[in-house]
1. Going residue by residue through the stretch 88-97, is there one that turns out to be assigned to a strand (DSSP E or B) and closer than 20 Å to GLN41 by Cβ?
2. Spot the failing condition for LYS22; the list is (1) in contact (Cβ under 8 Å) with a residue 12 or more places away in the chain; (2) surrounded by fewer than 19 Cβ atoms within 10 Å (Cβ to Cβ); (3) in contact with a Phe, Trp or Tyr (Cβ under 9 Å, 6 or more places away or on another chain), and only one is missed.
3. Condition first: among the aliphatic types (A, V, I, L, M) and more than 19 Å from GLU65 (Cβ to Cβ). Now tell me which residues in the stretch 88-136 satisfy that.
4. Can you find even one residue in the stretch 61-81 that is exposed (fewer than 11 other Cβ atoms within 10 Å of the Cβ), under 28 Å from LEU38 (Cα atoms) and hydroxyl-bearing (Ser, Thr, Tyr)?
5. For the stretch 20-35, give me the residue count where each residue is closer than 18 Å to GLN82 by Cα and either in contact with a strand residue (DSSP E or B) (Cβ under 6 Å, 6 or more places away or on another chain) or of a type in the set (A, V, I, L, M) (or both).
6. From the set of residues in the stretch 98-136 that are small (Gly, Ala, Ser) and either under 25 Å from the mean Cα position of the chain (by Cα) or not in a loop (DSSP other than H, G, I, E, B) (or both), which is surrounded by the fewest Cβ atoms within 10 Å (Cβ to Cβ)?
7. On the given criteria, is PHE64 under 24 Å from ALA101 (Cβ atoms), within 16 Å of the chain's Cα centre (by Cα), part of a loop (DSSP other than H, G, I, E, B) and among the hydrophobic types (A, V, I, L, M, F, W, C)?
8. Just the residues that are among the charged types (D, E, K, R) and within 15 Å of ARG74 (Cα to Cα), please, taken from the stretch 5-61.
Amino acid sequence: MSGLQSVRVRLDKWLWAARFYKTRALAVEAINGGHVRLNGQRAKPGAQLQIGDQVTVRKQSLTFELRVRELSQRRGPASVAQQLYAEDADSVARREAELAARKEQARFNPGPGRKPDKRERRKIIRFVNKYHQENS
């Protein structure tokens, strides 16, 4: 990928190649939704990236603050994709703290031990339908 450094790459293509999004369409949707910022400002999917640009990606409640190290238009293995960017140490610390908080919260709010059976599902559906009829 060292030969691609002088080439400019579209933001959506780079996010896809860096494996932040599974498809370019998802990357475009995130950019248009304001979840991706380029150098601190909202960007368009076709914005041209350069080495050294700052990219902020918000996925769910996690924020990734990245600096572009290399450019690529091709999606490769995850080990290669990680070479395309460098993440700020503060960003990593904040994300790990958020994940630890989520894990701690999940400990105090465990999910059900099993799926509801057919009879329980029917009761749930009746309850939900009754609630919607009363509030309509």
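1. So far as the stretch 88-97 goes, no, none of its residues is assigned to a strand (DSSP E or B) and closer than 20 Å to GLN41 by Cβ.
2. Failed condition: (1).
3. ALA106, ILE124, ILE125, VAL128
4. Checked against the condition, which is being exposed (fewer than 11 other Cβ atoms within 10 Å of the Cβ), under 28 Å from LEU38 (Cα atoms) and hydroxyl-bearing (Ser, Thr, Tyr), the stretch 61-81 yields at least one hit.
5. 2
6. Looking at the filtered set, the residue picked out is GLY111.
7. Answer is no for this residue.
8. Listed by number, the residues that qualify are ARG8, ARG10, ASP12, LYS13, ARG19, LYS22, ARG24.
Every number in this text was worked out from the coordinates using simple rules, so none of it is lab data. Model, not experiment: these values are computed from the prediction. As a convention, Cβ positions derive from the backbone with ideal geometry for all residues, glycine included, and neighbour counts pool all protein chains shown.
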